[in-house]
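The values are calculated or read from the model by the stated rules, or taken from the named source; none is laboratory data. The model shown is predicted, which means the values in this text are computed figures rather than measured ones. Positions of Cβ are backbone-derived with ideal geometry, glycine not excepted, and every protein chain shown enters the neighbour counts.
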Amino acid sequence: MRFARYAPILALLVVIATAFAFRLDRHLTLDAVRDNRALLVAFVQSQGPLSGVVFVAVYAAVVALSLPGSTIMTLTGGFLFGVPFGVMLSVVGATLGATLLFVIARSALGDMLFERAGPTLSRTAKGFRKDAFSYLLFLRLVPAFPFWAVNLAASALGMRLKSYVAATSIGVIPSAIIYAAFGAGLAKIFDASGEVRLEELLSPSMIGALVGLGLLALLPVALSRDLDHQLSEQRMSVIPAKDLSDYPWFIRLFFWKQKRTYGRVLDPGLLWGRSPWVFAAVALLYGALDRRRSPCSPTLRSLVTVRVSQINHCAFCVDINSATLAKRGVAMDKIDALSKWRDSDLFSQEEKLALEYAEAMTITAPGVSDGLRARLKQQWPDDTIVELTGLIAFQNLSSKFNAALDVPAQGFCKIPIERDPSATGPEV
């Protein structure tokens, strides 16, 4: 059983040793490309799409065998297929080869390493895995780390395959574009009998740009460190928050924005973040409904969201929406009177109509009557009614979600949660 686990890595090592013994790496030079130029061009022209498949297979083999030729392969891809297809084929080939090496190495080296790892190496591996996507993306983007060494390091430190493939495929794109673009011009250099020095391909400005992209890839890591302390102290709902590193990087950007806006990450975000694409869609929908150019005034929008939150017994929603309402210039005595708006002189006729509509949509019976619809059309244009309806429906979604999962208030504003018992439905 133990031999079977090590058999793939042993076979790969034998193939690598054979490749270097036969000096296959000497064919991975620009001189070799120039000497075989006519043969390569004729093969691509005669074989069409098959030539692309062969190129990807050769590229993958070069990477998997850790031969020093990935740069030459990308240049050749640009030379033979042009920039767009050269980049695409190079990225696919590099990703396939790296993934093959990663899987083989992880099956053997990963287990062996962790069996013998000391506390320092164990902490290093745990820290790497926590933000593995960002770290690997940095290592791929910055042209200072050998491709094969990064492959082995990621496998030895126990990185997940899905994150590895994603970070590799994204990380090699910028350099692939640079090299393929240069490779597309090799024909003119060959015709002029000029020489190409690989060290001249990346100018200081190009290197600086790639390093900048690499540092940008580490931004989620910095954000994670900034948020970790807060999450450890937050009281969550019946469903706890995941470790911050388990949320995708783009969700952590949402969390960072929340902390900048509210001073903390919002508990519902940590729950919605368990379904990242749904959370992103929900966040974008709310942003559209609460945009500055909405036909509904900011005060009106906040009034209906607070009232819907009260009816649905959502402590968190009442808390944060009341704070927003106060920031929009509404006095606290008016906010306190919101649950009894029917008997208050603090609300305008337009506000009372919107609140009545919010209650009619939220309370199951009797619902929205024809008379109420007629009064809505007298008050607002159709587009405004549609937006107001969408906002009320969204707030019902949000508040019911938070109330069902017992999301607590986070101390933004203190006002009553319970609705007035007399508010059983709209007045017609």
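Tabulated data for the structure shown
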{"read-out": "Selection from the range 323-371 of residues that are within 16 Å of Ser302 (Cβ to Cβ) and of a type in the set (Lys, Arg)", "value": "Lys327, Arg328, Lys334, Lys352"}
{"read-out": "Some residue of the range 61-74 being modelled with pLDDT under 90 and surrounded by fewer than 16 Cβ atoms within 10 Å (Cβ to Cβ)", "value": "yes"}
{"read-out": "Residue match in the range 28-45 (condition: within 24 Å of Leu152 (Cβ to Cβ) and modelled with pLDDT of 80 or more)", "value": "yes"}
{"read-out": "Test for Ala337: is it under 20 Å from Phe254 (Cα atoms), free of Cβ contacts under 8 Å to residues at least 12 places away in the same chain and aliphatic (A, V, I, L, M)", "value": "no"}
{"read-out": "Residue, surrounded by the most Cβ atoms within 10 Å (Cβ to Cβ), within the range 1-27, restricted to residues that are modelled with pLDDT under 80 and among the small types (Gly, Ala, Ser)", "value": "Ala19"}
{"read-out": "Wholly within the range 212-316, helices (runs of 4 or more DSSP H) carrying at least 1 residues that are over 18 Å from the mean Cα position of the chain (by Cα) and at pLDDT 80 or above", "value": "249-262, 267-272, 276-289, 298-311"}
{"read-out": "Any chance Leu136 is of a type in the set (A, V, I, L, M), surrounded by fewer than 22 Cβ atoms within 10 Å (Cβ to Cβ) and within 21 Å of Ala60 (Cβ to Cβ)", "value": "no"}
{"read-out": "Residue count, the range 340-364 (criterion: part of a loop (DSSP other than H, G, I, E, B), β-branched (Val, Ile, Thr) and without any contact (Cβ under 8 Å) to a residue 60 or more places away in the chain)", "value": "1"}
{"read-out": "Matching option when the condition is assigned to a helix (DSSP H, G or I), without any contact (Cβ under 8 Å) to a residue 40 or more places away in the chain and polar (S, T, N, Q), among Thr384, Thr389", "value": "Thr389"}
{"read-out": "Failed criterion for Lys377 (all others in (1) more than 16 Å from Arg301 (Cα to Cα); (2) part of a helix (DSSP H, G or I); (3) in contact with a Lys or Arg (Cβ under 7 Å, 6 or more places away or on another chain) hold)", "value": "(3)"}
{"read-out": "Among the residues listed as Leu253, Leu270, the single one being farther than 20 Å from Val407 by Cβ, of a type in the set (A, V, I, L, M) and touching a residue at least 24 places away in the same chain (Cβ under 8 Å)", "value": "Leu253"}
{"read-out": "Yes/no for Gly367 being in a helix (DSSP H, G or I) and free of Cβ contacts under 8 Å to residues at least 60 places away in the same chain", "value": "no"}
{"read-out": "Output for the range 325-342, where each listed residue is in contact with an Asp or Glu (Cβ under 9 Å, 6 or more places away or on another chain) and either outside the structural domain of Ile385 (by TED's automatic domain parsing) or charged (D, E, K, R) (or both)", "value": "Lys340, Arg342"}
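To keep it simple, each residue is scored yes or no on (1) under 30 Å from Tyr262 (Cβ atoms); (2) acidic (Asp, Glu); (3) modelled with pLDDT under 75; (4) buried (at least 17 other Cβ atoms within 10 Å of the Cβ).
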| position | (1), (2), (3), (4) |
| --- | --- |
| Pro366 | no, no, no, no |
| Lys377 | no, no, no, no |
| Ile385 | no, no, no, yes |
| Leu388 | yes, no, no, yes |
| Ala393 | yes, no, no, no |
| Ala403 | yes, no, no, yes |
| Phe412 | yes, no, no, yes |
